[in-house]
1. Need the failing condition index for D443 against (1) surrounded by fewer than 15 Cβ atoms within 10 Å (Cβ to Cβ); (2) closer than 30 Å to A284 by Cα; (3) not basic (K, R), just the number.
2. Determine, yes or no, whether A357 is within 27 Å of D478 (Cβ to Cβ) and either surrounded by fewer than 17 Cβ atoms within 10 Å (Cβ to Cβ) or among the β-branched types (V, I, T) (or both).
3. Determine which single condition G257 fails, assuming it passes every other condition in (1) open to solvent by less than 60 Å² (accessible area, probe 1.4 Å); (2) in a strand (DSSP E or B); (3) out of contact with any helix residue (DSSP H, G or I) (no Cβ under 8 Å at 6 or more places or on another chain).
4. Please work out which residue is nearest to I382 (Cα to Cα), limiting yourself to segment 279-294 and to residues that are in a loop (DSSP other than H, G, I, E, B), in contact with a helix residue (DSSP H, G or I) (Cβ under 6 Å, 6 or more places away or on another chain) and open to solvent by less than 30 Å² (accessible area, probe 1.4 Å).
5. Across segment 504-514, which residue is most open to solvent (accessible area, probe 1.4 Å) among those that are free of Cβ contacts under 8 Å to residues at least 60 places away in the same chain and not small (G, A, S)?
6. Any residue in segment 236-258 that's without any contact (Cβ under 8 Å) to a residue 60 or more places away in the chain and within 16 Å of V283 (Cβ to Cβ): show its pairings with residues that are aromatic (F, W, Y) and part of a strand (DSSP E or B) at Cβ separation under 9 Å, as long as the two are six or more apart or on different chains.
7. Residues of segment 504-520 being part of a strand (DSSP E or B) and not hydroxyl-bearing (S, T, Y), which ones?
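The values are calculated or read from the model by the stated rules, or taken from the named source; none is laboratory data. These numbers were taken from a predicted model, which means no experiment stands behind them. Backbone-built Cβ (ideal geometry, glycine too); neighbour counts: all protein chains shown. Just the protein is used for accessible areas: all its heavy atoms, side chains included, with ligands, DNA and RNA removed. Shrake-Rupley method; radii C 1.70, N 1.55, O 1.52, S 1.80 Å.
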Amino acid sequence: MSTENEGKDVPTAPAAAPDPEGSPAPAQEAPTPQAPTPEAPVPPPPASAPPASAPAPYGSAPALDEPAADSGMPATAAGAHGHSPQSGHAPDPASETPPAAYGGQTPPPWPPSPPTTLPSYGGGGGGDHTWGAPLPPPPAPPRRRTGGLVAAVLAAALVAGGVGGGIGYWAAERNDNSAGTTTVSAADSPRELRRDPGTVAAVANKALPSVVTIEAKSGGDDDLSGQGEGGTGTGFVYDKQGHILTNNHVVASAADGGALSATFSDGKTYDAEVVGRAQGYDVAVLKLKNAPPGLKPLPLGNSDKVAVGDSTIAIGAPFGLSNTVTTGIISAKNRPVASGDGTGGRNSYMSALQTDASINPGNSGGPLLDARGAVIGINSAIQSSGNGFGQSQAGSIGLGFAIPINQAQTVARQLIKTGEPVYAVIGATVDMTGRDTGARIADRGADGTPAVSPDGPAAKAGLKAGDVITGFDGKPVDSGPTLISEIWTHQPGDQVTLTYERDGKERKVTLTLGERKGDS
């Protein structure tokens, strides 16, 4: 399990994609032929006029293997509408009604007789396409190319169906606009849209002003312009006094003489200092040096009441991209997680909330919200593909882990009060390498000390070196990290029930948790 590597440079955000090229001009429509009036027969064109190429008959379509004239689109794009173009036809005299008498005068014969000299359609070139004459059908496409064309279109639809749909819409829009401009607008503009409480947009809009992007710099610099190690993380407003809640690994590099700053979503930046931090819990509390008035702390939820499948919203600065909002669900609860910051220090242990909301390096310390906008966890670690629980800069694979807010709030109160963390303990050293068989009490403790502390909680309960703890308050224990994660969800003085095995026999015992102050 890896906590996000906050100590590495943030890559530059990708540039915006260029604007697409302008759409080609619409195809020019052929002019509609006008019938000559009886009073003024149309004379034949002058003999000196150059012959013009005869256009295709009105309503006809170009051959399938040729591009449409001046359209800039393949001829097959026109078929995206689901209808074919209409064919032109000559007027039917039987269907026409003679005009009524006007001014008491008898109208001329209807329909009028064609003029003595018949003009060719389009002003020349197509003398056989005369006004009123039947139009020939469009030429059939060459049969030898039809099969290949259909196969190519089908393949394109299978590979890029969305592109085909886009072409169809483009063609329809261009054809509609060829005779005039018609636009369709939504009933409301985006700024008039109502975003009801509980929607992701409403929750994010309310929470973002209380989330900060944290910049940490080591090396004793009194500003962030030095060359020391540092990184970017996230935090959120904990109270109106200017305390910011975040992860320990976000600020660890600047905890001893470094520089810290917190930038709000409105772009305003404030210097900050560490009030206290707990490496084992991976929790830290900062305080803004010149806190602005009107701070709005994020409301805290109840992580014990969270259910698998509940909606989640994560806010942070993944890879330095501040004010990023992602969504998901609670994938699991009480997930034992041991995470390290890659510095070789002690691991952090949590009985975590697992979520598939996208969490990446830089999200660390940011809030995990429920659907109401209440904080249910602090985003802290991700599972890295191929690297197990080690340190990595890999991105999200849908396995993110957050410290439950109930535990984080208890730690924060202690840090604000005394500046140092307090841990619940059983007074025994357990093996942290074994898995699936329980948490085995080691033969010896650190530096050769007894594995079971004399007069400690475990010793008073009768536990001995070699005992294998398999249950903690009714929850199964499969390893040392799982046991530590469960112990640290409790407070010193709490009574708990342990299930353990000795000499092949299962036993139960009740003990009262002790305490350890500080991370030393």
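1. Unmet condition: (2).
2. Working: within 27 Å of D478 (Cβ to Cβ): yes; either surrounded by fewer than 17 Cβ atoms within 10 Å (Cβ to Cβ) or among the β-branched types (V, I, T) (or both): no.
No.
3. (2)
4. Our first condition is that a residue be in a loop (DSSP other than H, G, I, E, B); within segment 279-294, this holds for 279-282, 289-294.
Next, only the ones that are in contact with a helix residue (DSSP H, G or I) (Cβ under 6 Å, 6 or more places away or on another chain) stay: 279, 281-282.
Adding the requirement that they be open to solvent by less than 30 Å² (accessible area, probe 1.4 Å) leaves 281-282.
Values: Y281: 16, D282: 14 Å.
Checked segment 279-294; the qualifying residue nearest to I382 (Cα to Cα) is D282.
5. Quick first cut of segment 504-514, residues free of Cβ contacts under 8 Å to residues at least 60 places away in the same chain only: 504-510, 512.
Now narrow it down to the ones that are not small (G, A, S): 505-510, 512.
Working: K505: 132, E506: 129, R507: 89, K508: 150, V509: 22, T510: 84, T512: 66 Å².
Taking the candidates together, the pick is K508.
6. I244/F236
7. First, the residues of segment 504-520 that are part of a strand (DSSP E or B): 505-512, 514-517.
Within segment 504-520, K505, E506, R507, K508, V509, L511, G514, E515, R516, K517 meet the criteria.
Residues checked against (1) open to solvent by 20 Å² or more (accessible area, probe 1.4 Å); (2) at pLDDT 85 or above:
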| position | (1), (2) |
| --- | --- |
| P190 | yes, no |
| L193 | yes, no |
| V211 | no, yes |
| G220 | yes, no |
| D223 | yes, no |
| K240 | yes, yes |
| N247 | no, yes |
| K268 | yes, yes |
